[in-house]
1. Being at pLDDT 95 or above and touching a strand residue (DSSP E or B) at 6+ places or on another chain (Cβ under 6 Å) is true for just one of Ala120, Ala112. Which residue is that?
2. Quick check, is Thr156 surrounded by fewer than 16 Cβ atoms within 10 Å (Cβ to Cβ), out of contact with any Pro (no Cβ under 6 Å at 6 or more places or on another chain) and touching a residue at least 12 places away in the same chain (Cβ under 8 Å)?
3. Do we find a residue being over 26 Å from Lys258 (Cα atoms) and either surrounded by 18 or more Cβ atoms within 10 Å (Cβ to Cβ) or without any contact (Cβ under 8 Å) to a residue 60 or more places away in the chain (or both) anywhere in region 181-203?
4. Does region 206-225 contain any residue that is under 30 Å from Thr100 (Cβ atoms), out of contact with any Leu (no Cβ under 8 Å at 6 or more places or on another chain), crowded, with 17+ Cβ neighbours inside 10 Å and at pLDDT 95 or above?
5. Of the residues that sit in region 141-170 and are assigned to a helix (DSSP H, G or I) and polar (S, T, N, Q), which one is nearest to Asp28 (Cα to Cα)?
6. From (1) in a loop (DSSP other than H, G, I, E, B); (2) β-branched (Val, Ile, Thr); (3) out of contact with any strand residue (DSSP E or B) (no Cβ under 9 Å at 6 or more places or on another chain), pick out the condition that doesn't hold for Thr23.
Amino acid sequence: QKVLASGCTVAQLVSTAWASASTFRGSDKRGGANGARIRLAPQKDWAVNEPEQLAQVLGKLEGIQAEFNKAGGKKVSLADLIVLAGNAAVEKAAKDAGQTVSVPFTPGRMDASQAQTDVASFAPLEPVADGFRNYLKGRYSVPAEALLIDKAQLLTLTAPEMTGLIGGLRVLGANAGGARHGVFTDRPGQLSNDFFVNLLDMKSEWKATGRDAAEFEARDRKSGGVKWTGTRVDLVLGSNAQLRAVAEVYAGADAQAKFVQDFVAAWTKVMNLDRFELGA
């Protein structure tokens, strides 16, 4: 309750928790939310993490942490609080969309210090692309959807988990820089399946806006008006046969509850990727 009353938005809390946990790499088991290194160099200065907004959110969370720890009894680490705040935001967003859900939380993370963090060693963990936040650091010869698949496999995600997370993070407003690409909803901040409904809407016609076909716009087939804008990462969920099959399930009129359940499960998986003591 204190976290939700702190003045931070759902998008800010979700973005911060995702930024903290999604550095994990299944290849060498580095990164993750444990240690709360998102508040330390170099992670706090990465462009994808929006340093100014990140500093504001962490400042408020550190205030809540200090107040809680002063009260005596149990203590909370910032690493745990960042994840807990993200979970609380997801629960609120689901409730606002008409679904009551409890996001599992397992405490036990600890906070690392700057002295324990070799900046040069952690710098390579900076993502050149994070399709889950619709982020590209630059223009690359490799298409954005290929970089998304690389990120998803580093996070050990399945195709349905990846698809559900993208659709949920878009409507929650977790895009880097607050970009509107892929936010296919009239009610941002609510955990709805609107992303999939509008992505697959046959009343819309998608066309590339530039020669490089990196960004697209959806126009109403009758009026010709622009309804949405999206990236290659957004549209691959409708163009790739396997990913579209998943998107079709989540776009169903009866799919809201399933979508929320699946999103929460995938979200929890990412939050706990570096919790090796929890077992498989």
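The values are calculated or read from the model by the stated rules, or taken from the named source; none is laboratory data. This structure is a prediction, so every number in the text was calculated from the model and none was measured. Glycine gets a Cβ as well: all are built from the backbone with ideal geometry, and neighbour counts include every protein chain shown.
1. Ala112
2. yes
3. No, that holds for no residue.
4. no
5. That would be Gln153.
6. (3)
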